[in-house]
1. Condition test on Gln48, is it surrounded by 11 or more Cβ atoms within 10 Å (Cβ to Cβ), at pLDDT below 95 and among the polar types (S, T, N, Q)?
2. Among the residues of segment 42-66 satisfying the criterion of being in a loop (DSSP other than H, G, I, E, B) and polar (S, T, N, Q), which is farthest from Ala79 (Cα to Cα)?
3. For Arg39, are the conditions met, namely being assigned to a loop (DSSP other than H, G, I, E, B) and of a type outside the set (A, V, I, L, M)?
4. Take Ala20 and decide whether it is hydrophobic (A, V, I, L, M, F, W, C), more than 12 Å from the chain's Cα centre (by Cα) and surrounded by 11 or more Cβ atoms within 10 Å (Cβ to Cβ).
5. For segment 24-53, give me each residue that is closer than 21 Å to Asp3 by Cβ and in contact with a Leu (Cβ under 8 Å, 6 or more places away or on another chain).
Amino acid sequence: MDDPEVATALSELAMTPKAAEIGFLLPRIIPDAETCRERLMMLLRDPQCRRPDFVLSGLWQLKQPEHSGEIVEAALPFAGIPILKAS
């Protein structure tokens, strides 16, 4: 992120659907932890997310255990586990 051209390219990529493919790097690309978490969660909630493992790695790096329930709920569909909602 020290190179302005690289930083610009990575920042632009971080806002595309392909960002999941570099999800583990997003905490270094998006310096604000809350903004980064929101972007990673958006990617994880996308059923077309191609690399939920990379997104989860990025979320883990943020070290925000208060959001663990939300993260697990968003990740369950990728494990083939249906989410049951209380009615």
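1. No.
2. Filtering segment 42-66 for residues in a loop (DSSP other than H, G, I, E, B) gives 46-51, 62-64.
Checking which are polar (S, T, N, Q) leaves us with 48, 64.
On the way: Gln48: 14, Gln64: 22 Å.
Looking at the filtered set, the residue picked out is Gln64.
3. Working: assigned to a loop (DSSP other than H, G, I, E, B): no; of a type outside the set (A, V, I, L, M): yes.
No: the conditions fail for Arg39.
4. Numbers: hydrophobic (A, V, I, L, M, F, W, C): yes; more than 12 Å from the chain's Cα centre (by Cα): no; surrounded by 11 or more Cβ atoms within 10 Å (Cβ to Cβ): yes.
When the stated conditions are applied, Ala20 does not pass them.
5. Step one: of segment 24-53, the residues closer than 21 Å to Asp3 by Cβ are 24-32, 36.
Of everything in segment 24-53, those that are closer than 21 Å to Asp3 by Cβ and in contact with a Leu (Cβ under 8 Å, 6 or more places away or on another chain) turn out to be Leu25, Leu26, Pro27, Ile29, Cys36.
The values are calculated or read from the model by the stated rules, or taken from the named source; none is laboratory data. Computed from a predicted model, the values in this text were never measured in an experiment. With ideal geometry, Cβ positions are generated from the backbone for all residues, glycine too; neighbour counts draw on all protein chains shown.
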